[in-house]
Amino acid sequence: MQSTAAREPLTVAHDDSAQDDLLAAVDLPPPVEAAPRRAPSLETGVVRGTASGLLVELGGGPVIARRAKSCLVAPDAGDRVLCAKDGDQVFVLAVLEGEAGATTRVVAEGDLKVQATGRLGLGAGDQIEIAAAREVGLFAGKLQVRAQAAAAAIEELGLVGGSLEAHLQKAVVVAERMEARAGRLVQRAKQAFRFVEALEQVRAGVFDLRAEGLAAVRGENTIVAARTLAKLDGEQVKIG
């Protein structure tokens, strides 16, 4: 029979004094305390240059700063700006004042979207310009344009629509070449005049010309030709 002492686990005692002697023998440098982080602060300055980044003159001297994302007005040289100092980083938060009469430029890095849950108005005392290098798109359920005068210079125009209605006092169209294609064309006018200097041709499956009063065909040379039948009908027919 196995004895009770043989079944008990073997316990090894640890001597901490040897570990303390080893640590004492190693010459370790004293722990370095981390420098306290300076709290962010605000300071005003003057922009000295914008060629390669923003060079802002602060109280401690000129520094390179970045425009904050919320600062949409692009600073120009000579502008007085409000800056935030966070460690080694300096951000321009706002443009406080600039040169009198200078243009204010709203600049955003990347895409910019202006959105309102209600109405959005855009107004100017003098002029509004919209320019894009590639494309300008207008998307609306209803589009209204009101102006006393309008001028458009377009090299190529494509218009696709379901219905067009125009009320004009006078319309003048000057074109080098004009083509119109329609399934059905109806024109109504009190008076119509056509002046053709060279040639005018009308080709139709059926050509019907009617006049309430006089129908006159005049020319230096007049030819009426029919492949099958030519008919003159009237109460009086005079030739010559």
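The values are calculated or read from the model by the stated rules, or taken from the named source; none is laboratory data. Being a predicted model, the structure only gives us computed values, none of them experimental. Reconstructed Cβ throughout: ideal geometry from the backbone, glycine too, with neighbour counts over all protein chains shown. Heads up: the accessible areas ignore ligands, DNA and RNA and are worked out on the full protein's heavy atoms, side chains in. Shrake-Rupley method; radii C 1.70, N 1.55, O 1.52, S 1.80 Å.
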Quick one: accessible area per residue over segment 43-131, 1.4 Å probe, rounded to a whole number of Å²?
-> 74 Å²
Simple SL model, points at 7 angstrom along Cα→Cβ for ALA166 and GLU200; separation in nm is 2.1 nm
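Segment 105-173: Rg/Rh from Cα coordinates, Kirkwood Rh?
0.97
Give me the mean projected area, in nm² to one decimal, of the convex hull enclosing the Cα positions of segment 110-240.
Answer in nm², one decimal: 16.7.
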Qualifying trypsin sites (Lys or Arg not before Pro) for segment 69-148 [loop in DSSP, other Cβ within 10 Å: at most 12] = LYS69, ARG105, LYS113, ARG119, ARG134, LYS142, ARG146
Accessible-area composition of segment 161-240, carbon plus sulfur, in percent [1.4 Å probe] | 48 percent
Using r as the Cβ-Cβ distance of ALA216 and ARG188, and R0 as 35 Å, what FRET efficiency do you calculate, to the nearest 0.05?
-> 0.95
Where only protein heavy atoms count, and the probe is 1.4 Å, what is the accessible area per residue for segment 156-222 in Å²?
-> 128 Å²
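Average projected area of the Cα convex hull of segment 194-237, in nm²?
Seen from a random direction, the Cα hull of segment 194-237 projects 5.1 nm² on average.
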